[in-house]
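Inspection log for the structure reproduced underneath, given as structure tokens.
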Amino acid sequence: MINLNQDTITQAVVKSFEGTPDARLKEIMTSLVQHLHAFAREVKLTEEEWFKGIDFITRCGHITDDRRQEFILLSDVLGLSMLTVAMNNEKPAACTEATVFGPFHVDGAPEYDLGTDISNGATGTPCTVRGTVRGIDGKSVANAMLDVWQSDENGLYDVQKPEVSGAQARGIVHTDAEGRYSFDSILAVPYPIPHDGPVGQMLEATGRHPWRPAHLHFLIKADGYETLITHIFRNNSDYIDSDAVFAVRSSLVCDWVEQPDGRYLVEYDFVLNPKA
Ligand code: BEZ
Ligand code: FE
């Protein structure tokens, strides 16, 4: 393994992984090296560009902490998150489709009774959210857990506001015996993903915007069914056709209807895939 040149180095690196005990790790490392080298050859990567790339990744690391995950953001804006979701969530057409998780879910959100207002100080236009959870066979799913989270009217999640310590506009509810859920919150609005770091600079340099259309996140778990991670989107929201993270599916777009008293109402019925 000496005197390697641009024609022999790829095979040498691939060979270095030959003794990897874990077969899947070996497959992934081999393919990664082959694709990375092919990419460098295809674009004829200069040393200056290589260094810029290293600097970009370094800056992603420096800005990442418990509250900020620049690497997931990078994966999101490159479409890698949505590609991975799409490849791993193929299910019958009748099922509710999955979409990206995003970086703003928090474990251990407060549990609420059905019908409770979960906004807890997050500002925005009041909005009631309700519907059902069923299996593909149409049977209602009782006691399904719905973990929901959203931004406030300024486009900020509670975890993005240093002055907020508790949960705002996030919480957990469980369906009743008929599979029904309901809670009050605030109207979802479009918001930009965090763009004050290296990912934002990359978006700007490539003429892209950082906005996501108005949406509400759901993580749904129920015994006997596959876990569903998804959002519902507001019909006619700005950016519905140009989501910065490529996560919109038309089956998840629904009407959020203004009521005579100015509140909004959105109804959405989820269909879960039974576990194999
Ligand atoms: C979100 O919807 O919370 C989100 C998803 C991907 C990147 C940033 C935010
Ligand atoms: Fe979001």
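The values are calculated or read from the model by the stated rules, or taken from the named source; none is laboratory data. The structure displayed is predicted, hence computed values, not measured ones. Note that each Cβ is placed from the backbone with ideal geometry, even for glycine, and that neighbours are counted across all protein chains shown. Ligands, DNA and RNA are excluded from the accessible area calculation, which covers all protein heavy atoms including side chains. Shrake-Rupley method; radii C 1.70, N 1.55, O 1.52, S 1.80 Å.
Numbers below:
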read-out: Residue check for Leu4: outside the structural domain of Lys161 (by TED's automatic domain parsing), assigned to a loop (DSSP other than H, G, I, E, B) and either closer than 30 Å to Gly197 by Cβ or open to solvent by 50 Å² or more (accessible area, probe 1.4 Å) (or both); value: yes
read-out: Any hit, segment 34-50, residues being within 15 Å of ligand 1 (Cβ to nearest atom), under 25 Å from Gln201 (Cβ atoms) and not assigned by TED's automatic domain parsing to the domain that holds Asn143; value: no
read-out: Residues within segment 138-165 that are in a loop (DSSP other than H, G, I, E, B), under 20 Å from the mean Cα position of the chain (by Cα) and surrounded by fewer than 20 Cβ atoms within 10 Å (Cβ to Cβ), tallied; value: 5
read-out: Cross-chain or 6+ apart pairs with Cβ under 7 Å, segment 141-156 first and under 16 Å from Phe183 (Cβ atoms) and free of Cβ contacts under 8 Å to residues at least 40 places away in the same chain, then more than 14 Å from ligand 1 (Cβ to nearest atom) and assigned to a strand (DSSP E or B); value: Asp152/Ile186
read-out: Answer residue from segment 71-103, given it is polar (S, T, N, Q) and in a loop (DSSP other than H, G, I, E, B) and is nearest to ligand 1 (Cβ to nearest atom) among those; value: Thr99
read-out: Close pairs (7 angstrom Cβ cut-off, 6 or more residues apart or separate chains): within 19 Å of Asn143 (Cα to Cα) in segment 214-242, in a strand (DSSP E or B) and among the acidic types (Asp, Glu) anywhere; value: Leu219/Asp147
read-out: Arg59 vs. criteria assigned to a helix (DSSP H, G or I), of a type in the set (Lys, Arg) and surrounded by 15 or more Cβ atoms within 10 Å (Cβ to Cβ); value: yes
